[in-house]
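The values are calculated or read from the model by the stated rules, or taken from the named source; none is laboratory data. The structure presented is a predicted model; accordingly, all values stated were derived computationally and were not measured. In this analysis, Cβ positions are derived from the backbone assuming ideal geometry, glycine residues included, and neighbour counts consider all displayed protein chains.
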C-alpha cells in the first residue's frame with residue numbers, strides 16, 4: 001500500500017507539472033506556427049519573420065508576418081514578445097512562400113526570390129512599413145529562375161551545358177574546344 005501511495009503521489013506531481021506547462025504556453029498572446037525555410041531579417045532590436053513552410057495540418061506555404069523583440073533578455077516564466085504584423089498587411093497580398101530574401105532600407109522591406117509552390121511564380125514585393133499600416137508595390141520585372149543549376153562539360157563535343165532543375169538541357173553556353 002505504501003508503494004501504491006508513492007506512485008500516486010509521483011503521478012500527481014507529473015500531472016501538476018504538465019498542466020503548469022500547458023497553462024504557461026496557452027497564456028502567450030501570439031504563438032507562431034512551427035515552420036521551416038522562413039525569411040528572417042534583423043532590424044535594430046527586432047527580428048522580422050515572413051512566410052515559410054509548414055507541415056501541419058497539411059503541407060503548405062504560409063504568409064505569416066510577425067516580429068520578435070530582442071531588446072530584453074528572455075525569461076521562461078514570461079511570454080516571448082512576439083507581435084503579429086499580419087493585421088498591418090490586410091490590404092496587401094503577401095504571397096505564401098519560402099526561401100525568399102529580404103533587404104531593408106529605412107522603413108521599406110524588399111522581398112524577392114524564393115519558392116511559392118510552383119515554378120512559374122516568385123515572391124516579389126516591396127513592403128512599405130509604417131506605424132499603423134503596411135502597403136506594397138508590385139515588382140514588374142521577374143528575376144531569372146535558377147533551380148539547382150548544374151554546369152556540365154561534354155568531353156566528346158568539348159562544350160559546356162547548363163542543366164536546370166527540371167532536367168532540360170539548354171544550348172551550349174561556351175565552346176571551349178581546342179584548335
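Observations, loosely collected:
- Residues of the range 35-45 satisfying the condition of being loosely packed, with under 15 Cβ neighbours inside 10 Å and either over 13 Å from the mean Cα position of the chain (by Cα) or not in a strand (DSSP E or B) (or both): 42, 43, 44, 45
- Test: residue in the range 54-61 that is out of contact with any helix residue (DSSP H, G or I) (no Cβ under 9 Å at 6 or more places or on another chain), in a loop (DSSP other than H, G, I, E, B) and modelled with pLDDT of 80 or more: yes
- Output for the range 61-78, where each listed residue is over 23 Å from residue 51 (Cβ atoms) and surrounded by 10 or more Cβ atoms within 10 Å (Cβ to Cβ): 74, 78
- Cβ-Cβ distances below 8 Å connect the following pairs, each with a first residue in the range 62-74 that is over 17 Å from residue 84 (Cβ atoms), a second residue that is assigned to a loop (DSSP other than H, G, I, E, B), and a separation of six or more residues or different chains: 71/45; 72/81; 74/80.
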